Amino acid sequence: MAAACGVAVLDALAWALGRERTTALAGRLGAASVAVLVPLAARIPQDAVVERVLAAAEQRLGGAWRVLAGVTDPEAGMIGAAARLDEAGMIAEAAVSLLARGGSAEADSSPDGAVADRSARHDAARSGTVRSGPARRRCFRARDVRLRGLLAMLRGDERVQMFARAELGSVLDAERREDRELLSQFLACGGNKSLLAQRIHLSRPALYGRLARLERRLGVSLDDPESRTSLHVALLIAEVEGR
């Protein structure tokens, strides 16, 4: 099934590029992602071309899936363009993760593209795809995915992983899922305990008790803005790393 998905994406892109009367170098990167180098003349609006190609690819796939692309700035030579494919792939993964989490990654459309990803929304952070829905943008640059994009580019860096482990400790363990979810909700509320109590339908005394236990486990004060920032970054690292 996974292999068939990758072939289907390639076939759809080949068809879409043909409609655009352009050619490209393309190849599979994974089960549902491909790398594409598209040659574009300087006089052609790059954003419009890539958006049209991706829209046509979605149409070819029957509209069941949304195709996203991470893009980088155009390069004059083939070697330079190929060297930036990894960067484009990481941008695409970060965009998928951000959209799947209900975040915002809005900005201007992007120039000529590199990687198109496809996967189920519930597993988007790992497999790189999003179910089709209302019409939305398809191309993303590093600046669009912001901090999540930066962390995606640093994925696998032992120093980044060490930071996340140092900040979160046992909260990263599977059996501490409730603690992790509480921390995530707390940070999403900007540290507002009253708002959090309303959102998770918990009395304030019960919530304060849980937060106090979480603070002891983390060894930091959740009232400290810098601690909240560090914890938020650590949670994003863990998500990008697929933990």
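Over all distinct Cα-Cα pairs of the stretch 158-240, the Kirkwood formula returns a hydrodynamic radius of 12.9 Å. The H on the amide N of residue 68, modeled in the peptide plane, is under 5 Å from the matching H of 117, each at least 5 residues off or on a different chain. Here the simple spin-label model places points 7 Å from the Cα toward Cβ, and for residue 165 and residue 185 these points are separated by 2.9 nm.
Given R0 = 41 Å, the distance between the Cβ atoms of residue 15 and residue 216 translates into a calculated FRET efficiency of 0.10. Summarising the label geometry, the points placed 7 Å from Cα in the beta-carbon direction at residue 202 and residue 150 lie 3.0 nm from one another.
Taking packing as the residue-averaged number of other Cβ atoms within 10 angstrom, the listed peptides 137-150, 8-21 run from highest to lowest as 137-150, 8-21. Spacing of the modelled spin labels on residue 22 and residue 178, each 7 Å from Cα toward Cβ, amounts to 5.4 nm.
Each reported figure results from applying straightforward, stated rules to the coordinates on display, with no laboratory input. Everything numeric here is computed off the predicted structure, so don't read it as measured data. Glycine gets a Cβ as well: all are built from the backbone with ideal geometry, and neighbour counts include every protein chain shown.
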